[in-house]
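Quick notes on the structure that follows.
The values are calculated or read from the model by the stated rules, or taken from the named source; none is laboratory data. A quick note: this is a predicted structure, and the numbers were derived from the prediction, not measured. Cβ coordinates were reconstructed from backbone atoms using ideal geometry, including for glycine residues, and neighbour counts include every protein chain displayed.
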Amino acid sequence: MDDSVKRYKFKDVIEKKTRYQQLFGPIDWLEKCKLISKCHPIDSAPKSPLPHLAKENLFKLFFFDIGLLGHLLGLSYNEHREQGFNYKGYIAENFVQNEFVAQRGSPSYSWEYARSEIEFLHKSSSGAIIPIEVKSGKRTRAKSLGVYVDRYNPDKTIKLIGSTGSLEDPKALVIPLYFASKVEILA
């Protein structure tokens, strides 16, 4: 699993508040203000309806703007351009999440099994669940996507990458990150 993707932990955020039930009010408020969005991991066979498989208190939080996120992380403009920092995987995921929220609303869903993680699950207009892997760099090897394909044999997979892609295999699309807003059309 990519170490640049950190899970939100409720412990030690506010003194003596260690559980989701004690913090859901502020998190819910931030989500309703559209300052954050949630992505719920599914830890079983993904099938429709996805919200039914999600746990309310288990999610990843994403910030509404990757430029401001970079600023909060203390990243300079040059670091953003050169992609030479530790959190580029999280920023790429955050970008894709924001595109999906703009297209379809919140929340989104991901998939986890053992040490494998698919960043997003997309439900196509035909009802098929399509796994979407996000890779921030040019290295596009996706072990988790292989695990998902072996387990569930999806009709289509999408890999969003930090370089040019390939549409050679219509069942295994590899497209640039900036095409995230076009996933609905390609799915």
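The condition of being polar (S, T, N, Q) and more than 18 Å from SER110 (Cα to Cα) holds for SER166. Of all residues in region 107-156, those satisfying the criterion of being among the acidic types (Asp, Glu) and within 17 Å of ALA92 (Cβ to Cβ) are GLU117, GLU119, GLU133.
Looking only at residues in region 29-40 that are assigned to a helix (DSSP H, G or I) and closer than 12 Å to SER106 by Cα, the one that is farthest from the chain's Cα centre (by Cα) is LYS32. Annotation note: Cβ proximity below 8 Å between a residue of region 101-129 that is more than 17 Å from TYR152 (Cα to Cα) and a residue that is of a type in the set (Lys, Arg) and in a strand (DSSP E or B) (sequence gap 6+ or interchain) occurs for SER106/LYS38; PRO107/LYS38; SER108/LYS38. Residue pairs whose Cβ atoms lie under 6 Å apart, separated by 6 or more positions or on different chains, with the first residue in region 23-41 and on the phi < 0 side of the Ramachandran plot and polar (S, T, N, Q) and the second outside any helix (DSSP H, G or I) and surrounded by fewer than 19 Cβ atoms within 10 Å (Cβ to Cβ), are SER37/SER106. Which of (1) at pLDDT below 80; (2) in contact with a Lys or Arg (Cβ under 6 Å, 6 or more places away or on another chain) is the odd one out, the single condition LYS17 does not satisfy? Failed condition: (2).
Is it the case that some residue within region 110-119 is touching a Leu at 6+ places or on another chain (Cβ under 7 Å) and among the small types (Gly, Ala, Ser)? Yes.
Scanning region 51-66 for residues that are in a helix (DSSP H, G or I) and either of a type outside the set (A, V, I, L, M, F, W, C) or closer than 19 Å to GLU99 by Cα (or both) yields PRO51, HIS52, ILE66. Does ALA102 fit the bill of being more than 13 Å from LYS60 (Cβ to Cβ), of a type in the set (A, V, I, L, M) and surrounded by fewer than 19 Cβ atoms within 10 Å (Cβ to Cβ)? Here the answer is yes, as ALA102 does meet what is asked. The helices (runs of 4 or more DSSP H) located wholly in region 67-165 that include 1 or more residues which are at pLDDT 95 or above occupy 88-104, 143-152.
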